Structure formats: structure tokens, C-alpha cells
Amino acid sequence: MPNHQHMDEQQKEAYDKALRDSFRVLMSAIKLLLILVVGILLYIPLKSDIQQWLSPKPVVKTVSNSGVQPNEEDFDKVENGVHLATGLKFAPGFEDVRANCTVCHSAALVTQNRATREGWDQMLTWMQETQGLWDLGPKRARILDYLAEYYAPEAQGRRASLDLQEIEWYILDLE
Amino acid sequence: MQNKIPLSRRHFLRQTTLTTMGFALGAPIVFGHFMPKGLTPVALSNGASFDSLPGKRPEMIVLNERPVNAETPPHLLNDVLTPKDLFFVRNNGLPPRRDEINADTWTIRFDGEALRTEKSFTLAELKAQFKHYTYQLTLECGGNGRKEFNPPAKGNQWGLGAVGCAAWTGVRLKDVLNAIGLKSNAVYIGYYGKDMHLSGDPDKNPISRGVPMSKALEEESLIAWAMNGEDLPLLNGYPVRLVFGGWPASCSGKWLERISIRNKVHDGAKMVGQSYRVPCKPVAPGSKVEDKDMCIIESMPVKSLITYPKSGAQIKAGKQLPINGHAWAGDLEVAKVEYSIDFGATWQACQLKPPANRLAWQQFNASVSFPQKGYYEVWAKAIDSNGQAQPMLLPGWNPKGYLNNACHRIAIKVA
């Protein structure tokens, strides 16, 4: 290329530098692109794990002082295995239940109830058929496992005795 | 049991509802794209909000904040007329907001296959055009007492206090229907209210029930705007509701906007399937019952509640314990109330007052003496005018846990 031969030293140096610079920029762009592609490829299969990992973690406390009102910062606190803000048992499946079952009604409707897996299954089906509950996909099985395990019926016979633990005894003065 | 939310937690729940919601919505909801439109804003804007029990006393036992479901502790039901701020709340959806309601322009539409012409009345027109009546009418949730059923029954786990009796003022439904003109094929009335479905879907009704014409046309069946002489509380249906004493309270539609006169049994939300129905034939506990074998609950069964003293009284030996309470029997009258201090082995008669009017609860009282020191339970048993008595154990098991009218029991220590 005849023009090159006519370049003076200064021009040549500037040209080389420009070439080097643009090469460096190009390389960084390629590197970035690679990281992005690898990231996306990794993210897809691990999506829910990553999201779970990014979401706030409940603080597990071992000491109980259930009478005390937690303030807003303690909102993800777990005491005695119970997630305070929702009253749900903090156990595998909790996140799925919190995410899907506290949207329409409070979790109190869940924690009040006891049923077998089949009974829970019927309740979910009823809500899907009549109350607008969405398709839970693979989470359905996890939610059912959780409910059947932690909100299972307890045998109590034809009629339970008065719950003496619950009675607040008081002195009644009579004439 | 964790099925009660004491007041201390209520404040906390209220405070965190929004945050919980925010998190719930931000958390990964797989298949969340199937959520109906409008759900998110509703959930956030209406999330049991921040005074979820307006006009109610803090002693109310809250079973659920969204939707609001709260019952009265039995010892606070001691008044002949249940005060407004102690009357139980069973909401199926989200009530209209107070500032959305204009009682002056509130309109009730009458329509349906079995009405001559469609017609609308404003509340003011109803008040001006028809004679007013006041009746003391007992309302009890069909699921009152559900928590005792075993195997457990689905829904809010009501204890004893989803019942009350108030003086309701309004016009007779029959006067209004006769003025509009019923057709001979009328079978059932179905109501629609202004409450919103929990999903926020405007095309869904949280509840739309009703009663057969025979009940609708009774003298005591009211379109009511007042409770104990004052406006209805918001949570009990302000500005206007139906009241059908003695039947499951879910028949008595709140925030009443529309009444359909049907030529068949009304088929609105929670009229069908298993809601407010029991097996037509008795079933073994835990049985699965097909929808077609479930029958609609009509008149509620005979029942009573000891409202004084509160369970847990410790008294001195040798003293007489006065007890009193209410008894009611659906469409019927209560004929007798008895009490037992020996777990049902022997029964003593209580004094019983006649009802103020048909379908009002009746007051009973007795003076109880105890043979020696020790732990006692005082049980009360009412018997209706057909000779039906309350059972001591649970009555027939049913999948949704309705109609538990087992005897009320209070614990007493004599020391």
C-alpha cells in the first residue's frame, strides 16, 4: 500500500494506537457478550433458585417471646418454626405457599384448616374451579406436600374435652 | 390452638399486611401470568386494610382479616340485643369502602324471570313508600361451631360466637314484591351485593344466595337499614341488607344492590356445590359426598349459649351460681332449656322467657348449686317446640362443618 510508505513516524504511531484501542474495545465487547450469554444459559435452568436466593431470607430465632409485637423490620422473622408475619409453619414449601396462598385471602384461612393431602387437593381444585386460583404447575405437588405434612388432621374423637389450657380462671365473688 | 388471632397480633398483622402483600407479589409466582387482571391493585389497595374491623370492639375474635371473619366471645353476648359493635362478621369478599357508599342515592334493582316488570327503588323511595317494621331476629352463621368437627371441616374455624340477635328495622320484602307484581312461577329469590370477589375479578360474585318464596314472603323477612335503631355497621351490610331470621346468615345478603326473583332455585355463588349444604342423608364422618347428594340448609337447628358467667369462674363453696343465656331454634320456638352439672347424667330446668317476636332468641336463667368442692362443667341444652333437643356430642358430621348445635359447656371451680 503506497500510502503507508509515505506516512511519517508520528502518523504511524497514531495509527497503531488507534488500531490497538479499537481492538481492545472490540475484545471487551466480545468478553461482555460471552459473560452475558453464559449468564443467561446458567440462569434459565437455575431461575427459581436464583430468585429464591435473591429474595429476603427469614431470620431464624431460637428464643421465643411470642407475646411481643415484632416491628416492621422483624417482618420476616421466624420463631419456633413459625413465620411470624403470615403465621405459616416455616418449612420446605413455605415460599410457594406464601407466594401463592396469601394473595386473595390472608394466610389465616390456610392455618385455620386441617386436612389430608386429598382434602387439601379438593380445596385447591375448588378454588381453581370457582374462585379464580391459577394453575400452580409443578408447585402444586410441593404445596400439597407442605399442607398435608404441616396442616394434617389430629385425631380428637367425637367431641374434644374443654381445652383447660385455654380457660382463663378468675375469681367470681357471689353474695 | 392457633386458629384465633388475639388482639396483640391483630395490630401486627394489620401493620404488615401491605408489606406481606408487596413481598407476596414480588416473590416468584410461577404461572402468575394466569392471575386475572386487576388482581394486583385490588390486593394492594384493599388488603384488609389498615382498620379492618371498623366499628367493632377489640375483644372480637378475628379468624381471618382478609376477608374479615370475626366472632364474639360468648360472655360478651349477654345483652338481649347484641350491640352493633359486638355483632359477628362473616364476609366472603371485600366490602365496599365507606366513602364509596352514598345512602341517599343507593338503589336496589328487582329483576328475574318471575317478576312482572323490572323495577328499581332508591333506599329513600323504599323508606317513603312502604310501611316500616322492627323485629328482633337471630342471625347465626351456618358454620358456627365448625371447629369442633372431626375429621376437620373446611373453612373458617368458627367457635361459639358467630351468632347474634338484633332489632332490625326495614320494610317487608313481601310488601315490595307484591307491589311490583310476582308471577305465579316464582320459586326463589337471589340477592346480589356490592362486595367484591377476593380475586378482584369484577365478573365474579363473592356470594349470591337467597331463600325460597315461602321464606321470602314471611312477615319478618326484611329489607333492613337499621340495627338497634341506628345505621347498620359497614361490616354488617351498610347501608341496606336482607334479614331472614333463623336461617343461615348467608341467606341475608349485605350491601344489597339487586334481588332476582327466580323461576328455579337460585344458582348464584355459594348456592351450588357443597357451600351451605349438608348431606341429604346422614353420612359416616369423613365421607366424600357427591354434590348431587348435598341439600341446601334451611332453618337452623335448636341451640343455646350460656353468656353468664364467663367460662373459668372460681367460686366459694356453698354459694349459688346464677347462670343465664339465650336459646334459639331456627324457624321454631324454644320450648325448654335445661342445665346439667354432671356431664349430662341429670338435667335441671331453667326459667325461659318467650321470644319478643317470632325468630327472636329467648332468655333463660337458673341458679346452680354444687354438692361439693371441685371441678364442674355447666352444660346447657335447649329443646324446640317439635321436641328436638341439642345433642351433647357433635351432631351429624358433614363435609363443610355446618350446623354444630352441640351443648355449650362452661368450666367452673368450686373452692
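The values are calculated or read from the model by the stated rules, or taken from the named source; none is laboratory data. These numbers were taken from a predicted model, which means no experiment stands behind them. Glycine gets a Cβ as well: all are built from the backbone with ideal geometry, and neighbour counts include every protein chain shown. The accessibility values were calculated without ligands, DNA or RNA, using every heavy atom of the protein model including side chains. Shrake-Rupley method; radii C 1.70, N 1.55, O 1.52, S 1.80 Å.
Here are some notes:
- If you sort B:TYR375, A:TYR170 by accessible surface, 1.4 Å probe, largest first, the order is B:TYR375, A:TYR170.
- Selected from B:VAL334, B:VAL187, B:VAL240 as most flexible by GNM, with chain B as the system and alpha-carbon contacts under 10 Å: B:VAL187
- Relative to the longest principal axis of the Cα atoms of chain B, helix B:7-26 runs at roughly 40 degrees.
- The contact between chain A and chain B removes approximately 5800 Å² from the accessible area (both sides summed; 1.4 Å probe; ligands, DNA and RNA excluded).
- Taking the inverse of the mean reciprocal distance over all distinct Cα pairs, the Kirkwood hydrodynamic radius of the range B:83-200 comes to 17.5 Å.
- For the range A:156-174, a reduction of at least 40 Å² in accessible area between the chain on its own and the assembled protein chains (probe 1.4 Å) is found at A:GLN156, A:ARG158, A:ARG159, A:LEU162, A:GLU166, A:TRP169, A:TYR170, A:LEU172, A:LEU174.
- Rounded if a/c under 1.5, otherwise prolate or oblate - the range B:61-296, Cα gyration tensor axes: oblate
- A straight line joining the Cα centroids of the range B:333-401 and the range A:133-147 runs 45 Å.
- Kirkwood Rh, Cα atoms: Rg over Rh of the range A:72-150: 0.96
- With all protein chains modelled, accessible area of B:MET60 [1.4 Å, Å²]: 10 Å²
- Applying a 4.7 Å Cβ-Cβ cutoff to chain B, the cysteines left without a disulfide-compatible partner are B:CYS141, B:CYS165, B:CYS251, B:CYS350, B:CYS407.
- Principal axis dimensions, largest first and in whole angstrom, of chain B by Cα: 66, 55, 43
- Percentage relative contact order, chain B, counting C-alpha pairs under 8 Å, at least six apart: 16 percent
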